[in-house]
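The structure under discussion appears below in the form of structure tokens.
The values are calculated or read from the model by the stated rules, or taken from the named source; none is laboratory data. What you see is a predicted model; the values in this text were computed from it and never measured. Every residue, glycine among them, receives a Cβ derived from its backbone with ideal geometry; neighbour counts consider all protein chains shown.
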Amino acid sequence: MFIPMNWHKTSLEISTRGKGLHDFTDSVQAQLKNWEVREGMCFLFLQHTSASLVMSENWDPTARADMEIFMERLVPEKDSWYTHELEGPDDATSHIRAMLTDTSLSIPVDEAKLSLGTWQGIYLFEHRARPHQRKVLMRVLSMD
């Protein structure tokens, strides 16, 4: 049996206010709706080395705060051994934090919705102190 498949692609622009988790689940879901994708697979890829993509709880804001504090404690700024500070004191730490997390996510699409768990959301984790415009490539392979 032949099942036709189609590729859909776009870039999502995510504005950050500086360090922290920025939920963009609704933007991804809205693009799926725009494309009228019912079944398939959504691939997200971040083209940056000082930010990352994470999937985490998006219901209770204290979970987000805990993750942000954890990352600050795990990779603290201004440690004496950092040498990469070309763009400021958060230069080395932003790259280390991005290395510890992901720059891509894959999410199934079922019945026109991302197949996320009840409390799951998609976040861009900004590791830089100043605001940025980040680009996330969105690719969807759909079975139409």
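Descriptive notes on the structure:
- Test: residue in region 124-144 that is polar (S, T, N, Q) and in contact with a His (Cβ under 7 Å, 6 or more places away or on another chain): yes
- Scope region 83-121; condition at pLDDT below 85 and surrounded by fewer than 16 Cβ atoms within 10 Å (Cβ to Cβ); matching residues: Thr83, His84, Glu85, Leu86, Glu87, Gly88, Pro89
- Whenever a residue of region 1-29 is of a type in the set (Asp, Glu), its partners that are in a loop (DSSP other than H, G, I, E, B), lying with C-beta atoms within less than 8 angstrom and at least six residues away or across chains, give the pairs Asp23/Asn58.
- Subset of region 44-57 [farther than 21 Å from His132 by Cβ and buried (at least 19 other Cβ atoms within 10 Å of the Cβ)]: none
- Residue satisfying condition, being charged (D, E, K, R) and more than 19 Å from the chain's Cα centre (by Cα), within set Glu36, Glu57, Glu72: Glu36
- Residue count for region 7-40, restricted to those that are touching a Lys or Arg at 6+ places or on another chain (Cβ under 9 Å), buried (at least 16 other Cβ atoms within 10 Å of the Cβ) and at negative phi: 9
- Counting the residues of region 108-126 that are under 16 Å from Asn58 (Cα atoms) and either in contact with a Pro (Cβ under 7 Å, 6 or more places away or on another chain) or in a loop (DSSP other than H, G, I, E, B) (or both) gives 5.
- Filtered residues of region 117-144 (kept if farther than 15 Å from Gln47 by Cβ and under 14 Å from the mean Cα position of the chain (by Cα)): Gln120, Gly121, Ile122, Tyr123
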